[in-house]
1. Looking at 3, 43, which is the one that is without any contact (Cβ under 8 Å) to a residue 40 or more places away in the chain and over 14 Å from the mean Cα position of the chain (by Cα)?
2. Collect the residues in region 110-126 that are touching a helix residue (DSSP H, G or I) at 6+ places or on another chain (Cβ under 7 Å) and part of a helix (DSSP H, G or I), keeping them in residue-number order.
3. Please indicate, with yes or no, whether at least one residue in region 2-19 is farther than 30 Å from residue 117 by Cβ and surrounded by fewer than 20 Cβ atoms within 10 Å (Cβ to Cβ).
4. Given (1) modelled with pLDDT of 95 or more; (2) in a loop (DSSP other than H, G, I, E, B); (3) in contact with a strand residue (DSSP E or B) (Cβ under 8 Å, 6 or more places away or on another chain), where does residue 69 come up short, assuming only one miss?
5. Name the single residue that is farthest from residue 78 (Cα to Cα) among those in region 31-40 being surrounded by fewer than 18 Cβ atoms within 10 Å (Cβ to Cβ) and either touching a residue at least 24 places away in the same chain (Cβ under 8 Å) or under 16 Å from the mean Cα position of the chain (by Cα) (or both).
6. What number of residues within region 78-100 are surrounded by 13 or more Cβ atoms within 10 Å (Cβ to Cβ), free of Cβ contacts under 8 Å to residues at least 60 places away in the same chain and either outside any helix (DSSP H, G or I) or within 13 Å of the chain's Cα centre (by Cα) (or both)?
7. Please determine whether any residue of region 127-145 is closer than 30 Å to residue 41 by Cβ, touching a residue at least 12 places away in the same chain (Cβ under 8 Å) and not in a helix (DSSP H, G or I).
8. Quickly run through region 54-74 and pick out the residues that are out of contact with any helix residue (DSSP H, G or I) (no Cβ under 7 Å at 6 or more places or on another chain) and surrounded by 20 or more Cβ atoms within 10 Å (Cβ to Cβ).
């Protein structure tokens, strides 16, 4: 029951329709690689960087649900964009989708009796420890909503058509 509810929320946060507005993937529609890599707000991350960051954390939460010890994402908290091309941008969006699909499946398969178990020891905000498995997944859903909103604002800053 909890797994099905949380898995659906993971899906809605990524795919939509989310009650708060456009979901993360919806905010990426129609963006070119050049637009996604641009930094229209000084000191802010690019849309592409946000996509890689959200992908990394979806993968890390999935890893934890499968029993791995809490750690920073394997590719880092903010992975490097690399060479900018339409193919690479398509691959980044595909990676985000696949990571969220795999996470939703791991959430559905997680034992109902374990949702209240704590992860790690003391509370460590950047690492996301000291919370229950359920709180961790809810945190990832909130994380996606936050970054989806950032993408929407960055699109406006880019004055990209279709926003």
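The values are calculated or read from the model by the stated rules, or taken from the named source; none is laboratory data. What you see is a predicted model; the values in this text were computed from it and never measured. Cβ atoms come from the backbone with ideal geometry, glycine included; neighbour counts cover every protein chain shown.
1. From the options 3, 43, the qualifying one is 43.
2. The answer is 112, 114.
3. Checked region 2-19: at least one residue is farther than 30 Å from residue 117 by Cβ and surrounded by fewer than 20 Cβ atoms within 10 Å (Cβ to Cβ).
4. Condition not satisfied by residue 69: (1).
5. Here the answer is 32.
6. So the answer is 8.
7. Taking every residue of region 127-145 in turn, at least one turns out to be closer than 30 Å to residue 41 by Cβ, touching a residue at least 12 places away in the same chain (Cβ under 8 Å) and not in a helix (DSSP H, G or I).
8. Residues satisfying the conditions are 56, 60.
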